[in-house]
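Worksheet for the structure shown next.
The values are calculated or read from the model by the stated rules, or taken from the named source; none is laboratory data. Note that this is a predicted model, so its numbers are computed, not measured. Heads up, the Cβs are rebuilt from the backbone with ideal geometry, glycines too, and the neighbour counts pull from every protein chain shown. To get the accessible areas, we keep the full protein, side chains included, count just its heavy atoms, and leave off ligands, DNA and RNA. Shrake-Rupley method; radii C 1.70, N 1.55, O 1.52, S 1.80 Å.
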Amino acid sequence: MIVHRSIAAWSAAKRSLVGTSLGFVPTMGHLHAGHAALLARARQECGTTLLSIFVNPTQFDDPTDLERYPRTLEADLAIARSAGIDHVLLPTTAELYPDAYTYKVQESAVSTVLCGASRPGHFDGVLTVVMKLLQIAQIGVDPAQQRLYMGEKDHQQLTLVRGMVEAFFLPWTVIGCPTVRETDGLAMSSRNSRLTAEQRRLAPQLVRALRESPDAATARTTLEAAGFRIDYLEDRALGTSHAAASRRYIAAFLGETRLIDNVALD
Ligand code: AMP
């Protein structure tokens with residue numbers, strides 16, 4: 001596994017990769033089994049794999065959240081190594097934002113609801129950094145040979161990135177991977193490590209209420225009674241495609257920690 005601490009180092013290495021297939025997994029680090037599933041799938045389906053780790057400041061609407069975001073590089077590299085990843089890119093903010101974020105990618109429909117409504121500017125930051133990383137990662141022009149792996153855990157983000165790839169004719173295939181959960185159902189997340197023991201005990205009720213409630217209003221009542229502070233809880237079909245299936249989306253706080261999840265509705 002080669003660790004590239006600059007875009008230039010990766011760019012030099014990627015010249016020898018032209019003609020192979022590339023599986024790319026962008027992350028913000030503090031890797032867990034959810035990320036490892038994306039890495040394993042990329043490894044299985046592609047000739048070469050690239051993981052990026054970058055805590056992207058432009059997608060944080062809350063400076064404290066950015067400051068408190070867990071950074072565990074050595075453990076992350078160990079997970080990447082055991083997943084058989086070939087290349088790891090660790091870009092810096094200065095390098096990724098030579099324009100000081102004066103240029104951005106903005107979507108004006110899907111990004112205005114759910115997390116977009118409660119976190120102003122969040123998806124501008126996400127789409128901009130993913131656009132930059134896709135340009136940097138790119139080794140060729142064939143979408144069948146450049147595959148981007150993302151989790152359904154962040155389903156709104158996945159929908160927006162799919163839409164961006166289509167809108168800007170980016171030569172990538174976007175692969176959505178199922179949410180990996182703890183045995184009690186809680187969706188794995190880097191933020192789970194911030195939960196107290198008591199909050200961790202309550203947390204699996206989130207997905208249980210999503211799955212078992214007949215409608216969103218009932219799920220809200222159940223979760224509020226259990227001590228969750230609901231940011232949003234909505235049934236929606238995201239995207240412009242008529243084929244878009246309905247899902248139930250939630251963001252809710254346990255103490256200071258904001259958890260998100262979503263499930264498909266029949
Ligand atoms: P993050 O670094 O947590 O922002 O996420 C990096 C990628 O991993 C994104 O595509 C996420 O959707 C995905 N991911 C995070 N948690 C999970 C999970 N529990 N299951 C599947 N994918 C996940």
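Residues checked against (1) β-branched (Val, Ile, Thr); (2) farther than 22 Å from His35 by Cβ; (3) touching a helix residue (DSSP H, G or I) at 6+ places or on another chain (Cβ under 7 Å):
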{"residue": "Gln138", "(1), (2), (3)": "no, no, no"}
{"residue": "Glu152", "(1), (2), (3)": "no, no, yes"}
{"residue": "Val161", "(1), (2), (3)": "yes, no, yes"}
{"residue": "Arg194", "(1), (2), (3)": "no, no, no"}
{"residue": "Ala209", "(1), (2), (3)": "no, yes, yes"}
{"residue": "Pro214", "(1), (2), (3)": "no, yes, no"}
{"residue": "Ala217", "(1), (2), (3)": "no, yes, no"}
{"residue": "Arg220", "(1), (2), (3)": "no, yes, no"}
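Suppose we keep only residues that are modelled with pLDDT of 95 or more and either of a type in the set (D, E, K, R) or within 15 Å of the ligand (Cβ to nearest atom) (or both) within the range 194-205. Which one would you say is nearest to Phe60 (Cα to Cα)? Per the stated criteria, the residue is Leu195. Is it the case, given these coordinates, that Ser16 is open to solvent by 60 Å² or more (accessible area, probe 1.4 Å), of a type in the set (Gly, Ala, Ser) and more than 10 Å from the ligand (Cβ to nearest atom)? For Ser16, the condition - open to solvent by 60 Å² or more (accessible area, probe 1.4 Å), of a type in the set (Gly, Ala, Ser) and more than 10 Å from the ligand (Cβ to nearest atom) - is met. When the range 2-40 is filtered for residues that are assigned to a helix (DSSP H, G or I) and aliphatic (A, V, I, L, M), the ones remaining, listed by number, are Ile7, Ala8, Ala9, Ala12, Ala13, Leu17, Ala33, Ala36, Ala37, Leu38, Leu39, Ala40.
Would a scan of the range 41-55 turn up a residue that is within 15 Å of the ligand (Cβ to nearest atom), surrounded by fewer than 19 Cβ atoms within 10 Å (Cβ to Cβ), assigned to a loop (DSSP other than H, G, I, E, B) and aliphatic (A, V, I, L, M)? Yes; the residues of the range 41-55 include at least one that is within 15 Å of the ligand (Cβ to nearest atom), surrounded by fewer than 19 Cβ atoms within 10 Å (Cβ to Cβ), assigned to a loop (DSSP other than H, G, I, E, B) and aliphatic (A, V, I, L, M). Restricting attention to the range 79-133, the residues that are over 16 Å from Ser52 (Cβ atoms), of a type in the set (Ser, Thr, Tyr) and in a helix (DSSP H, G or I) add up to 4.
For the range 120-146, the tally of residues that are within 12 Å of the ligand (Cβ to nearest atom) and surrounded by 23 or more Cβ atoms within 10 Å (Cβ to Cβ) stands at 3. Considering the conditions (1) hydrophobic (A, V, I, L, M, F, W, C); (2) open to solvent by 20 Å² or more (accessible area, probe 1.4 Å); (3) not assigned by TED's automatic domain parsing to the domain that holds Thr72, Leu210 is excluded by exactly one of them, (2). Annotation: of all residues in the range 167-193 being away from the ligand (no atom under 13 Å from the Cβ) and open to solvent by less than 50 Å² (accessible area, probe 1.4 Å), the one that is farthest from Ser118 (Cα to Cα) is Pro171. Test Ala75 against the criterion of being within 16 Å of the ligand (Cβ to nearest atom), assigned to a helix (DSSP H, G or I) and among the aliphatic types (A, V, I, L, M), and give yes or no. Considered against the rule, which asks whether it is within 16 Å of the ligand (Cβ to nearest atom), assigned to a helix (DSSP H, G or I) and among the aliphatic types (A, V, I, L, M), Ala75 comes out as yes.
Cβ-Cβ below 7 Å, separation at least six or inter-chain, first residue in the range 147-166 and within 12 Å of the ligand (Cβ to nearest atom), second among the acidic types (Asp, Glu) and not in a strand (DSSP E or B): which pairs? Every condition considered, the pairs that remain are Leu158/Glu152; Leu160/Glu107. With respect to the conditions (1) away from the ligand (no atom under 13 Å from the Cβ); (2) touching a residue at least 24 places away in the same chain (Cβ under 8 Å), Val25 lacks only one, and its number is (1).
For the range 134-186, a tally of residues being in a helix (DSSP H, G or I) and either polar (S, T, N, Q) or touching a His at 6+ places or on another chain (Cβ under 8 Å) (or both) returns 5.
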